[in-house]
Each structure stands twice: as structure tokens, then as C-alpha cells.
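*Asks:* Next up is a structure, given as C-alpha cells.
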Amino acid sequence: MNSPIWMPYTQMQGAPAPLVVRSAQGALLELEDGRRLVDCISSWWVTLHGHCQPRISAAIAAQAGRLEQVIAAGFTHAPAEELARRLTGHLPFLPRLFYSDNGSTAVEVALKMAYQYWRNQGAGGRRRFLSLEGAYHGDTLGAMSLSGRSVFTEAFGGLLFPVDFVPFPQTWMGDGEAEEREGLALAHLEGLLRRQGEEYAAMIAEPLVQGAAGMRMCRPSFLRGVQELLRAHGVLLIGDEVFTGFGRTGGLFACPLAGVRPDILCLAKGLSGGFLPLAATLCSEKVYQAFCSDDPRHTLYHGHSYTANPLGCAAALASLDLLESQPPPYAHLEGWHREELRELVDHPHLCRLRVCGTIAALEVRGAAGYLHELGPRLRQAFLERGLLLRPLGGMIYLVPPYCLERDQLVRIYRAIAEVVSGLAA
Ligand SMILES: Cc1ncc(COP(=O)(O)O)c(C=O)c1O
């Protein structure tokens, strides 16, 4: 197929022709050639309840017949107001909300809020940011600056502002050194803060799971330690829940689950249930009040054409209805993952098995790194078994839609065992 489309994260030279998807339902994608694939990664971690979830589809259709879009400055509408009230209701320490349209822009907004928060108060000396090694916060320049330096950011190094990175104390099942790693990371942060604490505006962190870094997981105690140190030095904490939000880590949001209360929080991906681009940056009253002033220069001059799009908000409200049902639709997945991972724990070619809520990951020994040649081979082997998986090098992860059935999950784990054993043969 000679398509004009330039695909994301794809070396187009020699790229295999993309698979054409005709339709989708629940956890299944149907291709034009009739093949069916289980979507084991929720199509880049967005599809929460399954594809074409009927309540969300109906909510969008109904909204499209009423109000499809309206300028968001000086105007508002019921879905945006209700969604903001419900989201801030779940996160009462963050009573203010700014809409945008994807994870990167949610992060850009957070970055600008944190920077201008200090400037508006005459503390313009707080200009530096802290982040975690390996972090991924998006592909716009500010979000890239806050992300760990990698093959993603390399070409743009000259455009990025400097950020101080703190080691990320990743852990896994059976790890006996988590505490030590955590202590070293916190000591590193403490050292930076002691030396130049008054120069930092904020630190950003993906709570509990670093997604694009390779589904790296940390203990809640680390995040609590980070929060304590930042508070002692008056530095703001930004929680990037673009990936972890909406049940992914086993709680509706990872920050409260981990016992931390960031000053600013970014949401996107699953916000609309995976139907439409929508994002939100929430903040504390303290942050918000620093922008309320007689001086027009204290305004947050930021916005997007589709800010608070009514269709996205209607989808998000329908998704929240589903997420708020009891028991929550994501609650069972961690137990299912643990049962299946137990079978693989002694596999000679696998290591660092880990799970956090609905997210599970494991690594093929000796195949670390995003560009490891094993990645495309694994992807192909899973495709041949009817599974959409997108291993990062030799790191295989599952981020399934919550509607995934038990026998589908069993099939995925069997395929992983078979493919990995086959590699070694
Ligand atoms: C933690 C985190 N923040 C931000 C982003 C960027 O989101 P988007 O791809 O919607 O711009 C991502 C995307 O994977 C992410 O995982």
C-alpha cells in the first residue's frame, strides 16, 4: 500500500505495511483480511472498557446531536462542568481543572503552571525542574525536556532545557534490594535539594509505574519519601497520571493509592475511555490563587482550539459512570495477572516479573533496551498468534482493556511462554 501517512515512532524506510483495522469490539480488533487480534495493550493504553463500549458510543452520539464544539474561553457547557466537578470530587485536594487535548499538552500546562506560579509571586528564581531517570512525559518540547534523555529526545537535545534527574528505584517480584535502591534515590534527591532547593519550581513523577520507560514499577514508600523531601524545601510536586489514571494501577488514581497529594496532576489517555482526545491538568487552590490577580500578566496564557470539547467530555462522563460502578471494573485484573505470572516465575529465560493493578510486565533475559532487535521479532510472533502486543525491546507488557475475559488472558500468557521458550530453542 502506498499511503501518504507518516506513522508515529516508525522508521518508514522498510516499514511493513500497516494492518488495516475494519472494526473493533470489546478486546478484539477485526482486520480487513478477516483476522481478529486481542488488543493486549489497549491501543497505546487508552481503551479502558473495551472498543466501541456501547454506553460511551451512545453518549457521544447523543452529545453530537446537541452541541459538538464551542469556544472554551468565556463559554462553558454542562458536560465540561459536570466532568470537572466529578474529577475534582475524586481528588478533593485538587479543586481546579484546566482542559486540553492530549497527555503532552496536559504536561505542558502543568509545567507552565508550576513555572508561572513562582513568577507570579515574585519568586522567579525558582526555574529549575526535577524529574526521574527514564521518565516519559510526552513529545512536545517542554514534555520532552522533563523526560529522561533517550533515543526519543536525542535529535532535539539542543532545544531542551536542562532538568535534574533522580534515579528511579524500580522493583519487581522477589526483589530483595528495593529498600536499598529507594534509599539511594532519596539520598540523591535530598542532596540536590540541600544544594539548590530554592532554585526548583517543581518535580514531576509518573506515580507507581513509569510507562514508556518499560513499565518500571516503584513502591509507594518511594513516592511518599519524595513528597516529604519536596515539601521540606517548598518545591511543587506534579503527578503525571496520563497513563496511570482511571484504574490502571488498581485504584482510580495512583497518587492517592500511593498516599501522595501532588500540587498539580495531569490526566489524558483513559480520560475519555479511549474514544476521543481529551486531557486535564488539575491543581491545588494554592496554585490557582497565585494566578488570580489585578495584573493581566498573572494570567495563564494557554489554550487549545478543542479545549473542553463537548464530545470528549460526554465520553469521559460515560466512562466515569462505568469506573464508579461497584466493584470497580478494573479490580479483578491484578489477581488474574498474579495467578498467571506465578506459572512463569521460574522460567529460565524470563526475569523481573512485576504487576501493579491492571499492568503486568516481564523481561527476556539479556534483551534490555528499547532498540533491542528482539522487539520486532516478538511483535511478529505475537501477531501470528492473534495478539496485539508491542514489546519494548525484550520487555513484554500487558495493559489490557478491563473487559478482557479470563480465557483471553490465559491465552496471552500461554503465548508468551511459548514464544519465549521458542526463542531459546
Ligand atoms: C506518563 C505519560 N505522560 C504523557 C504522555 C504523553 O501523552 P500523549 O501521547 O497523549 O501526548 C504519555 C504517553 O504515553 C505518558 O505515558
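The values are calculated or read from the model by the stated rules, or taken from the named source; none is laboratory data. Everything numeric here is computed off the predicted structure, so don't read it as measured data. Because the Cβ atoms are built from the backbone with ideal geometry, glycine has one as well, and the counts that use them run over all protein chains shown.
*Asks:* Which residue, of 272, 284, is of a type in the set (Ser, Thr, Tyr) and touching an Asp or Glu at 6+ places or on another chain (Cβ under 8 Å)? Steps first, please.
*Replies:* Values: 272 fails: touching an Asp or Glu at 6+ places or on another chain (Cβ under 8 Å).
Within the list 272, 284, the selection yields 284.
*Asks:* If you don't mind, another one. What pairs come up if the first residue lies in the stretch 210-228 and is within 18 Å of residue 175 (Cα to Cα), the second is modelled with pLDDT under 95 and within 16 Å of the ligand (Cβ to nearest atom), and their beta carbons are under 9 Å apart, counting only those six or more places apart or on different chains?
*Replies:* Listed pairs, sorted by first residue: 214/370; 214/392; 215/392.
*Asks:* Any idea which of 65, 138, 74, 89 is within 16 Å of the ligand (Cβ to nearest atom) and either closer than 25 Å to residue 44 by Cβ or at pLDDT 95 or above (or both)?
*Replies:* 138
*Asks:* Can you tell me which of (1) closer than 23 Å to residue 414 by Cβ; (2) touching a residue at least 40 places away in the same chain (Cβ under 8 Å) is the one residue 28 doesn't meet?
*Replies:* With (1) closer than 23 Å to residue 414 by Cβ; (2) touching a residue at least 40 places away in the same chain (Cβ under 8 Å) applied to residue 28, the lone miss is (2).
*Asks:* Could I ask something else about it? Residues being surrounded by 14 or more Cβ atoms within 10 Å (Cβ to Cβ) and either in contact with a helix residue (DSSP H, G or I) (Cβ under 9 Å, 6 or more places away or on another chain) or assigned to a loop (DSSP other than H, G, I, E, B) (or both): count how many of those fall in the stretch 338-365.
*Replies:* Of the residues in that region, 17 qualify.
*Asks:* If residue 185 meets every condition in (1) assigned to a loop (DSSP other than H, G, I, E, B); (2) in contact with a strand residue (DSSP E or B) (Cβ under 7 Å, 6 or more places away or on another chain) apart from one, which number is that one?
*Replies:* Residue 185 satisfies every listed condition except (1).
*Asks:* Kindly state which helices (runs of 4 or more DSSP H) lie completely within the stretch 1-99 and contain at least 3 residues that are over 23 Å from the mean Cα position of the chain (by Cα) and surrounded by 11 or more Cβ atoms within 10 Å (Cβ to Cβ).
*Replies:* 54-64, 78-90
*Asks:* Anything in the stretch 92-109 that is within 16 Å of the ligand (Cβ to nearest atom) and within 15 Å of residue 272 (Cβ to Cβ)? List them, or say none.
*Replies:* 99, 100, 101, 102, 103, 105, 106
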